[in-house]
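The numbers here are math on the coordinates, done by the rules we state, and not lab data. Here the structure is a predicted model, which means the values were calculated and not measured. Methodologically, a virtual Cβ is constructed for each residue, glycine included, from the backbone with ideal geometry; neighbour enumeration extends over all protein chains shown.
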Amino acid sequence: MRFTKRQLGGTIATVLLAAFLLFYKLPYYVYKPGSADALDPIVQVEGGYESAGDMHLVTVRGGQANPIQYILAKVLPHQEIMPLENVRPKGVSEEEYFHAQLQMMESSQEASIVVAYQAADKKIEIDYQGVYVVSVVDNMPAEGKLQSGDRIVGADGHKVKESGDLIDYVETKKAGETISLDVIRDDKRITEKVKLDTFSDNDKKVGMGIQLVTDRNISVEQKLILVVVILAGQVLVLCLH
């Protein structure tokens, strides 16, 4: 079959348009319902009661939108469009953002386990490793000094065990002051001096411009079944022996 120049041009234009609609990334994020996976086949309580209903793990999907996803989110229900800068800091790549979300999810899971075991008065050992740098905000003092994956273990000679230690210490400082951070990077201990500054959207708040989570290891002797329930906006962790 022979193609005319017009047909060939039309074919090329169609391929380019399809590629644009599928692969071009718009500066927007789309959030939409994910899956609802049944937990009954997974969670079993020895000596427990039969469930009168079903319990599901509900997820939310999100990602940077291409033109087709953006249009669908405009017309379909239960989908939300957000500007990219409202979701991840400027200068943070999709891969870095995804890695940050995994770190925060892991930290949240560990925090839930700690709270549950303490509430159940069960023995749990917590080994605090310092503060893990999830991401660095552009045009803030930490840029060029710290990087994603750094672990902060000290500040001005004070030991940093968890995120609250570092946050509380920085809040005692003023803009223009410099703090010395003990950092573990690539298994090597280094020192970085960071001059604090105010945030562009809040000139009363002083900081370095990092997103952080507590880095810790936990170990338990007795296993518990943890059920997380969200009720009226509050997260409840239920412990089942």
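Some observations on this one:
- Pairs with C-alpha atoms separated by more than 31 Å, drawn from the list Lys161/Lys195; Lys32/Lys159; Lys5/Lys74, are Lys32/Lys159; Lys5/Lys74.
- Axial C-alpha extent at least 18 Å, average Kyte-Doolittle at least 1.0 - helices from the chain (DSSP): 5-23
- Asp203/Ser108 FRET efficiency (R0 22 Å; Cβ-Cβ; nearest 0.05): 0.15
- Choice from Ile218, Ile71, Ile210 showing the highest fluctuation, given a GNM over the chain with Cα pairs closer than 10 Å: Ile71
- Note on the chain: with a GNM built from Cα contacts shorter than 10 Å, the maximum mean-square fluctuation among Leu146, Leu26, Leu76 falls on Leu76.
- As an equivalent ellipsoid, segment 1-52 spans semi-axes of 54, 16, 7 angstrom, where each value is the square root of five times an eigenvalue of the C-alpha gyration tensor, largest first.
- Here Val220 and Val87 are evaluated by their C-beta separation; at R0 = 35 Å the FRET efficiency comes out at 0.50.
- Estimated FRET transfer efficiency (Arg185, Thr11; beta-carbon r; R0 45 Å; 0.05): 0.30
- Distance from the Cα centroid of segment 2-21 to that of segment 159-209 is 55 Å (rounded to whole angstrom).
- Reach of Lys122 by Cα under 20 Å, taken over lysines that are not fewer than 8 positions away in the same chain: Lys223
- Per residue convex hull volume, Cα atoms of the chain, in Å³: 250
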